[in-house]
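Note sheet for the following structure.
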Amino acid sequence: MENVENKEIQDGEDFAAMFEASLQNHGTDGVVQEGEIVKGTVIQLTKDFAIIDVGYKSEGQVPISEFTNARGELNIKVGDKVDVLLESREDDKGMVVLSKEKADKMRIWDEISSACERDEIVKGTIIGRVKGGLSVDIGVKAFLPGSQVDIRPVRNLDQYIGKEFEFKVIKFNKKRGNIVLSRRVLLEKQREEFKRETLTRLKEGAVLMGVVKNLTDYGAFIDLGGIDGLLHITDMSWGHVRHPSEVFNVGDEVRVAVLKFDADSERVSLGLKQIQEDPWHRADEKYPVGTRVKGKVVSVIDYGAFIEIEAGVEGLIHVSEMSWTKRVKHPSKMINIGEEVEAVVLDIDPKAKRIALGMKQIAPNPWTLLEDKYPIGSVIKGQIKNVTDFGIFVGVEDGIDGLVHVSDISWTKHVKHPGEIFKKGDEVEAVVLNIDVENERFSLGIKQLHQDPWDTLSERMPVGSKANGKVTKVTDFGAFVEIEQGIEGLVHVSELREERVDNPREVVKEGDEIEVKIIDINTTDRKVALSVKALSKDGEDDYREYLRRQSGDGSRAKLGDLLKKNR
């Protein structure tokens, strides 16, 4: 370290040596000696030199540049008195060699020496980085070790270059031109003074001014004056803060409240939001139900998104409240973090600090318009959007589908799966059956496009009439016969023959064409009772009618005519 310091202030060694020489060579006989600082008078100014009379047999000259300021302006005139260093009695031109610059530097060394003896501070400007620290101009170059720059270790020393500070000289060697400075010593002394004063005011509940000293992921350290306090990220704002750098910069002045103070460990917990009113106190007055609000999306989760409508006040838009018509699988499909959205207040609970918001309520509910647009019984045409086990979904409007339940596909045909008849993309017609606005359900029917054949079955096939049909199924209790497309009736085992039948399969089989008589129709339950046995009874009745007529009124009737009439 000492070698580095010597290298940085090598120029100082020369001037220190001259200073020593001036003390040793100062003549007692009044004769000006070499290496001595003397006072002279400016007697002439030329383009390059100032001619100065120092009371010697010949005048001396000093480069004119030593009398100009930073702007290049000359700051002397003929007749001015100046201090100069006599470097040599004569040069090759017979003139005394003088230097104002070296005289100034020798005076500075003298002043620094006096300051050290009196334990005074010196001012200087940091002019650059050197190995192990910084180089400081205090009139001469001095060395400021990195450990002496500040109370805490400094990573970026470049930030100090070009700035002026006060320093304490902690090492001074005039002969070797070695000057070592410290800024830390002054800061520590100043900090102790501030700390004593701050401790007199430091108590829980006190509100103090401080300066942001350092930022971390979890908070900010605030210099209260000789003592630091931690302002945790959760105590910075009633709102959501992701990182302290969103709120503060190092060096910011801030007004904070003391939340906790441990005098033994000197730990201080600070709060900023605690000196501001909790925005939830009057949130219900500011945001009553039905109010339209704007806010920024601060968080997106599986079931919704949190919207900050003001610092500290966040509301939840549930995924179900994002669209009237779209089936939103995840909120990120609708909104993103940082986006500004508009919503309506659906519910508010200031005590629990909860606000329920809705996005879809900004626009009219299209479901409320459907009843007027599609009255019950009207016919619509649409494309099949989806085919499921229980029915098909038909597109009515953008985002609104109507359901044709499997039971509303056909009056007569038993549909096991809608996929047997329809496929996605097919265009179909359907009748509007019901619109449930509250539950957002639109019911359609395809079979309702035609009249229910069961409604007029009794007219087409009254009880007592006969029909030809095809056996579709044989069971232990009888046989099912299709008497009309989609309409089946049951011939009970007891109605197959006059005599007892134990096994219907011995009498009929699937696919047989048989004649039956309709003996009962239950339109409500959609059941038809058929009989084969009743056909034989009809034949007996016809024969009895024939005999009655033969013996009754003497008229002659043919049996074939009676049978034909009955049929």
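Computed from the coordinates by the stated procedures, all read-outs in this text should not be read as laboratory data. Note that the structure is predicted; figures quoted are calculated from it, not measured. Ideal geometry is used to build each Cβ from the backbone, glycine not excepted, and the neighbour counts take in all protein chains shown.
How do 390-401, 367-378, 322-333 rank on mean C-beta neighbours within 10 Å, highest first?
390-401, 322-333, 367-378
Find the lysine pairs in segment 283-352 meeting two conditions, Cα atoms under 24 Å apart and a separation of 8 or more places or different chains, and report how many there are.
Eligible lysine pairs with Cα atoms under 24 Å apart amount to 11.
Working from Cα positions, state the angle (0 to 90°, nearest 10) between the long axis of helix 100-117 and the longest principal axis of the chain.
So the helix axis and the longest Cα principal axis differ by about 80 degrees.
Rounded to the nearest 0.05, what FRET efficiency do Ile275 and Asp158 have when you use their Cβ-Cβ distance and R0 = 56 Å?
After rounding to 0.05, the efficiency reads 0.95.
Taking amide H positions as placed 1.01 Å from N in the peptide plane, with prolines and chain starts having none, which residues 5 or more places from Lys171, or on another chain, fall under 5 Å of its amide H?
Amide H neighbours of Lys171: Val180.
Quick one: which residues, 5+ away or cross-chain, put their amide H under 5 Å from the amide H of Leu98? H built at 1.01 Å from N.
Those qualifying (amide H under 5 Å, at least 5 residues apart or on another chain) are Gln61, Glu87.
Would you mind getting me the FRET efficiency between Asp436 and Glu310? Use the beta-carbon distance for r and R0 = 35 Å, nearest 0.05.
For Asp436 and Glu310, the calculated efficiency is 0.40.
Could you list which residues have their amide H under 5 Å from that of Ser323, counting only those 5 or more apart in sequence or on another chain, with H placed in the peptide plane?
Counting only residues 5 or more places away or on other chains, the set is Lys360.
For the chain, what does -39500 (n - 2.57) per DSSP helix run (n ≥ 4), summed and divided by total residues, give at 222 nm, in deg cm²/dmol to the nearest 500?
-5500 deg cm²/dmol
Quick check: Cα centre of segment 341-407 to Cα centre of segment 455-472, how many Å?
Computed from Cα coordinates, the inter-centre distance equals 45 Å.
Go through segment 178-185 residue by residue and turn each phi into a ³J(HN,Hα) via Karplus (6.51, -1.76, 1.60, θ = phi - 60°); whole Hz please, and just put x for glycine and proline.
Per-residue couplings from phi come out as 10, 10, 10, 10, 9, 9, 4, 4 Hz.
So which lysines pass the test for Lys509, namely a Cα distance under 30 Å, with those fewer than 8 places away in the same chain ruled out?
Excluding near neighbours in sequence, the set is Lys413, Lys416, Lys466, Lys470, Lys473, Lys517, Lys527, Lys533, Lys537, Lys564.
Mind giving me the FRET efficiency for Asp525 and Gln485? R0 is 35 Å, r the Cβ-Cβ distance, nearest 0.05 is fine.
Numbers: r = 20 Å, r/R0 = 0.56.
Given R0 = 35 Å and the Cβ-Cβ separation, E is 0.95.
For Met209 and Ile170, compute 0.36 nm times the residue count separating them, minus their Cα-Cα distance, and round to one decimal in nm.
10.7 nm
Along the charge dipole of the chain, which of Gly399, Ser531, Gln276 sits closest to the positive end, that is, farthest toward it, with unit charges on the beta carbon of Lys, Arg, Asp and Glu (+1, +1, -1, -1)?
Toward the positive end, the furthest listed residue is Ser531.
Mind listing the phi-derived Karplus ³J(HN,Hα) values for segment 202-211, rounded to whole Hz, using 6.51, -1.76 and 1.60 with θ = phi - 60°, and x for any glycine or proline?
Using θ = phi - 60°, the values come out as 7, 7, 4, x, 5, 10, 10, 8, x, 10 Hz.
When Cα Rg over 2.2 N^0.38 Å is calculated directly from the model, which label among (1) 1.01; (2) 2.25; (3) 1.13 fits?
Recomputing Cα Rg over 2.2 N^0.38 Å here gives the entry labelled (2).
For Thr125, put the label point 7 Å out on the Cα→Cβ axis and report which residues of segment 96-112 keep their amide N under 17 Å from it.
So the set is 105.
Pop out the ³J(HN,Hα) list for segment 230-244 in order, Karplus 6.51 cos²θ - 1.76 cosθ + 1.60 with θ = phi - 60°, rounded to Hz; leave Gly and Pro as x.
Each residue's phi maps through the Karplus curve to give 9, 9, 5, 4, 6, 9, 7, 8, 5, x, 8, 10, 7, 8, x Hz.
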